[in-house]
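Report on the following structure.
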Amino acid sequence: MVFNSIAFVVFLPIVVLLFYLLPHKWRWLMLLAASCVFYMWFVPKYILILLVTIVIDYAAGILMEHYADQPRKKKTFLIISIVSTLMVLMVFKYLNFITENLDQLCASLGMETHLMTHIILPIGLSFHTFQSMSYVIEVYRGHQKAERHFGYYSLYVMFFPQLVTGPIERPGNLLRQLHEKKEFRYENISKGMRLILFGFFVKMVVADHLGEYVDEVYGHLDEYNSWTVLCCMVFYSFQIYCDFFGYSTIALGSAKLMGFDISDNFKSPYLSKSIAEFWHRWHISLSTWFRDYVYIPLGGSRVKYGRWVFNILVVFVLSGIWHGAAWTFLLWGFAHGLLHVVEKTLRKALPTRGHAPLTLPGFGNALRVVKTFVLVTLFWVMFRATDFEHLKAIFVTAFTNFGGGEQMSVKPGVWIYLGLFILSDILLRNTRFDKWCDDKPLVLRWLIYAVLAFMVICCSSVCNFPFIYFQF
Amino acid sequence: MKKLLIRIVMVLVMLVVLNWVYSKWFFEKDLRKHSDIVELSWQVVDDSCRIIYLGESSNNNYGEKEVNHRKISDFTSDYFPTIKMGDLTKEASHAQTYYYMLKHIPKSSAVETVVVTMNLRSFGPLWIYSKLETPLRKQLVLLEDRPPLVNRFLLAFKAYPIKTEEEWNEFVFEHWRNDTFNIPDFPWRTTADWDYGMYSYGWYDFHGQRDWDLTALACHYIKTYAFQIDDDNPRVKNFDAIVDLCRERGWNLVFNLMAENVDKANELVGKDLMKLFRLNCDYLLKRYGNMEGVTVVNNLSLVRDVNFIDQDWTTEHYYEEGRRIIADHLALTLRDFYPNDYQNPDSLKMDIGHYFLGGTMALDRQNPYSMTLVLTADSIRPDWDMVNVAFEIKQADGLNNAIFAVEKHDAQGEKSIDSYAVNLQVQKSGVWDFATFALPIDSTFRMAQKIKLYVHNFSESAVQIRNLDVSFRPAYLKPRVKAKSYKSDDVDNGK
């Protein structure tokens, strides 16, 4: 089930209503059943893959805790769990890519092979496998008690608001909350609704309208001039941000309706002054996952320079591959890693400020923000391109065709939506929409609701754009 | 809780205000943008049309090299020069789309009569679950009887079936596999079985080699037309809704059942498929022909193979002549509503390659010969390879001994007769049935100075024939050889 569908609009109120009507001891069951329905709305049989990873990791957690005093056994269970989870990921996400490349390699050696597989990627696989892995690693490290209740553990992996596109939750946050008894509070409903409304605006009004132009131009590069393609690159930067941010905001709001607080995934990433800062503000749950479970175990930054460069590149390349099984994603990850290394090395980037409040930039900072945005935008082309040929075509058209081709005509409404979003991103740079609304006068607040509701209903794109991150 | 209730009331008030704002300033623009069929309906009022023709691509398609691009509705309009006739034509539309088009014709319009295209194919799963359904159904969301804001909300949240081509195809396959034919002694259980049977036995060329193109086309005919219409068919419900709507609005309703390429269906697949054509046609004629205020024009078998543009697919796209034949037939029905306005424009001039001898004749012992088509040697073009003959026949009993005769006269006045038995094709008594022949134009045909084509009844009992139709096939259509007969039993037994 996708958030911007009529099915979800009907589904969510029913689930929330049942959640508050049922006694606490039955809520997990209802939420689990609802999550199954939510997931099976796509392709029912894929739930079996989820079941396999859930059972393995659930058992591994208990066994690791049971053998807490026998490090070798404990480690064996950790390895079994991680390898089996990665195998699932490998088969369903990467096997097509591997076999296709093997075929090409053999062809270049003069051998004809037909190894290519055509396995369909189950939606949200990368997200829930990573969430599952974070649980077993936390249990292994002793930071998290193994969950004995199979239902609660399953719900932790399958909790529907964040099941298919994250945020990738840690057990310390979500699993704990699932056990807590949630009382009905108007505040939660109000905040949840605000977040959902804002999320719908960002996804359906901003991202989807931009997507129409991006698809048109990237699909017909030969028809457009460089200015149009450059404009489209910027549009894509905002499309992917709004698409993912919108989804995450709806996820946050949906969970909030039932009193659950799930992690923020974005903090105005396009206001970052460096690539390092960008990664502290973009897809935070994934960045911190790689930081905690890959970068730091590799030695982090407390190693020699060469090793540190290696660590950074490994993490970014893995991040690229996590997004998709294609060379363009790998290149995208590598480019980000390389730039991160260069920035750090030249000490030209400002020190990252992590989750510290962001202040409005002065002129120098503004230039840095623009520089980071331009670089990120150029890198997004690798992310969007279907293959290297397409990537090359986009760059060639963007920088060599200023005289020929058509100039795309963008409807004024789209500039207005984009402008409104940029304004909101600046206003919300240190906060979240639900919190920002708190201290506004009632009339202004309701005026904002009315405008947002009107735009979501009456100005949203009618094209069907699935969430971009669904494919991961 | 009280606070929540107050907020709910505030939300409702807000929605009412938003609905008013949207209806007043935005809705019409959205309708034109996202549901453009409504513009067609509005056009009707602007043009003050009294007769409206609703159709899909069958109305406005024409051959690549055709000079005359006029639609069926235009040709029909020629018969009623004093009446303004308009058309609402939208590609791939069907009864559900027509319903919404009609619903949005303003009550103030001058419309009196509505002609709705009834396309037999549209009742089959291949069309009902076509990938075109997604955009078509999307168009209809804003046209529902709900507050405009609610409709726009449903459009924004994709309250229409969004499916990939593969998902739509899966529905089609399911019907082909599971819908069983409810016909006594019918040799096929399901469309899928039948398709497999055709695929297994198929077609061969003159050299005995498998003709895969022809086999695929035969399979396609099966997949397109091998279904049985019943009361649960979604299109039947849509047509029923149209009937109700037209009654409510006081319009004369004419369902124009479009011609299908029955010649090719008969040639490629044979009697079983013709039986389904007949059954489905009977169903529609019985259901709607007997309804008060509804007239069904049955064009199903009126257009011959040569007049179909798409020879390698199933469509209702006709060359000019085909469009004219349907228009002529439709105009005859409309004449009942407008007897004083009807004028024959004499537009139905046949090409030299097509001869149509209408009217009904009874052939008995006293008058055993039908109307005769007489051709001279110079009228047979060198680029013709085949001649297709079709006519309707009704026999008193099942023992008819009628033949279709090709009488050739040479330069010396000697004649030879090739005869083709009709009773191999027609066994039913008391009902109109089709007999079709595809005959090669061989050297004797070409050398003859004069050729006569006619039906000769040798039987004791009388037979009636009507609509003798002779079409000469151009050379670009390759000659065909039918494979040996096949039965589903053979398939089941793995033979």
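The values are calculated or read from the model by the stated rules, or taken from the named source; none is laboratory data. Values in this document were obtained by computation on a predicted structure and should not be read as measured data. Neighbour counts run over all protein chains shown; Cβ positions are idealised from the backbone, glycine included.
At a glance:
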read-out	value
Of residues in the stretch B:144-166 being outside any loop (DSSP other than H, G, I, E, B) and modelled with pLDDT under 90, the one nearest to the other protein chains (Cβ to nearest Cβ)	B:166
Pair list, Cβ under 6 Å, 6 or more apart: the stretch B:101-128 residue closer than 15 Å to residue B:55 by Cα, other residue surrounded by 22 or more Cβ atoms within 10 Å (Cβ to Cβ) and aromatic (Phe, Trp, Tyr)	B:115/B:53; B:116/B:98; B:116/B:255; B:118/B:255
Failed condition for residue B:141, given (1) touching a residue at least 24 places away in the same chain (Cβ under 8 Å); (2) surrounded by fewer than 20 Cβ atoms within 10 Å (Cβ to Cβ)	(2)
Some residue of the stretch B:169-184 being more than 23 Å from the chain's Cα centre (by Cα) and within 14 Å of chain A (Cβ to nearest Cβ)	yes
Condition broken by residue B:185, with the remaining ones in (1) touching a helix residue (DSSP H, G or I) at 6+ places or on another chain (Cβ under 8 Å); (2) within 19 Å of residue B:227 (Cα to Cα); (3) part of a loop (DSSP other than H, G, I, E, B) satisfied	(1)
Only listed residue being closer than 24 Å to residue A:126 by Cα, of a type in the set (A, V, I, L, M, F, W, C), surrounded by fewer than 24 Cβ atoms within 10 Å (Cβ to Cβ) and in contact with a Leu (Cβ under 9 Å, 6 or more places away or on another chain), chosen from A:312, A:296	A:312
Given (1) assigned by TED's automatic domain parsing to the domain that holds residue A:419; (2) surrounded by 23 or more Cβ atoms within 10 Å (Cβ to Cβ), index of the condition residue A:162 fails	(1)
The one condition in (1) in the same structural domain as residue A:19 (by TED's automatic domain parsing); (2) within 22 Å of residue A:1 (Cβ to Cβ) that residue A:198 fails to fulfil	(1)
Checking residue A:332 against (1) modelled with pLDDT under 90; (2) touching a Gly at 6+ places or on another chain (Cβ under 6 Å), the condition it does not meet	(1)
So residue A:85, is it assigned to a helix (DSSP H, G or I) and within 19 Å of residue A:154 (Cβ to Cβ)	yes
Residue list for the stretch B:19-33, filter: surrounded by 12 or more Cβ atoms within 10 Å (Cβ to Cβ), within 11 Å of chain A (Cβ to nearest Cβ), of a type in the set (A, V, I, L, M, F, W, C) and part of a helix (DSSP H, G or I)	B:21, B:27
Positions within the stretch B:261-312 being assigned to a loop (DSSP other than H, G, I, E, B), touching a Ser or Thr at 6+ places or on another chain (Cβ under 9 Å) and modelled with pLDDT of 90 or more, in sequence order	B:261, B:309
Odd one out for residue B:7 among (1) surrounded by 13 or more Cβ atoms within 10 Å (Cβ to Cβ); (2) of a type in the set (Lys, Arg); (3) at pLDDT 90 or above	(3)
Helices (runs of 4 or more DSSP H) fully within the stretch A:214-325 counting 2 or more residues that are at positive phi, touching a strand residue (DSSP E or B) at 6+ places or on another chain (Cβ under 8 Å) and at pLDDT 95 or above	none
Check on residue A:107, assigned by TED's automatic domain parsing to the domain that holds residue A:145, small (Gly, Ala, Ser) and under 28 Å from residue A:179 (Cα atoms)	no
Spans of helices (runs of 4 or more DSSP H) in the stretch B:51-122 with at least 2 residues farther than 21 Å from residue B:139 by Cβ	B:72-78
Residue within the stretch B:125-143 that is assigned to a strand (DSSP E or B), out of contact with any Lys or Arg (no Cβ under 8 Å at 6 or more places or on another chain) and within 25 Å of residue B:300 (Cα to Cα) present	no
Residue that is within 28 Å of residue A:27 (Cβ to Cβ), without any contact (Cβ under 8 Å) to a residue 60 or more places away in the chain and of a type outside the set (Val, Ile, Thr), where the choices are A:48, A:86, A:102, A:95	A:48
Leading residue by the ranking (nearest to the other protein chains (Cβ to nearest Cβ)) among those in the stretch A:434-471 that are in contact with a Lys or Arg (Cβ under 8 Å, 6 or more places away or on another chain) and closer than 29 Å to residue A:126 by Cβ	A:464
Condition check for residue A:431: among the β-branched types (Val, Ile, Thr), farther than 30 Å from residue B:8 by Cβ and either assigned to a loop (DSSP other than H, G, I, E, B) or within 14 Å of chain B (Cβ to nearest Cβ) (or both)	no
Any hit, the stretch B:219-227, residues being away from chain A (no Cβ under 14 Å), surrounded by fewer than 17 Cβ atoms within 10 Å (Cβ to Cβ) and assigned to a helix (DSSP H, G or I)	no
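Yes/no matrix, rows are residues, columns are (1) within 22 Å of residue B:467 (Cβ to Cβ); (2) more than 12 Å from the chain's Cα centre (by Cα); (3) outside the structural domain of residue B:99 (by TED's automatic domain parsing):
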{"site": "B:250", "(1), (2), (3)": "no, yes, no"}
{"site": "B:256", "(1), (2), (3)": "yes, no, no"}
{"site": "B:272", "(1), (2), (3)": "no, yes, no"}
{"site": "B:278", "(1), (2), (3)": "yes, yes, no"}
{"site": "B:286", "(1), (2), (3)": "yes, yes, no"}
{"site": "B:289", "(1), (2), (3)": "yes, yes, no"}
{"site": "B:294", "(1), (2), (3)": "no, yes, no"}
{"site": "B:309", "(1), (2), (3)": "yes, yes, no"}
{"site": "B:316", "(1), (2), (3)": "yes, no, no"}
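Results for (1) out of contact with any strand residue (DSSP E or B) (no Cβ under 6 Å at 6 or more places or on another chain); (2) within 14 Å of chain A (Cβ to nearest Cβ); (3) not acidic (Asp, Glu), shown as yes or no for each residue.
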{"residue": "B:1", "(1), (2), (3)": "yes, yes, yes"}
{"residue": "B:17", "(1), (2), (3)": "yes, yes, yes"}
{"residue": "B:35", "(1), (2), (3)": "yes, yes, yes"}
{"residue": "B:44", "(1), (2), (3)": "no, no, yes"}
{"residue": "B:59", "(1), (2), (3)": "no, no, yes"}
{"residue": "B:62", "(1), (2), (3)": "yes, no, yes"}
{"residue": "B:74", "(1), (2), (3)": "yes, no, no"}
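Each row is one residue, and each column tells you yes or no for (1) surrounded by 15 or more Cβ atoms within 10 Å (Cβ to Cβ); (2) assigned by TED's automatic domain parsing to the domain that holds residue B:272; (3) modelled with pLDDT of 85 or more.
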position	(1), (2), (3)
B:415	no, no, yes
B:440	no, no, no
B:455	yes, no, yes
B:458	no, no, yes
B:461	yes, no, no
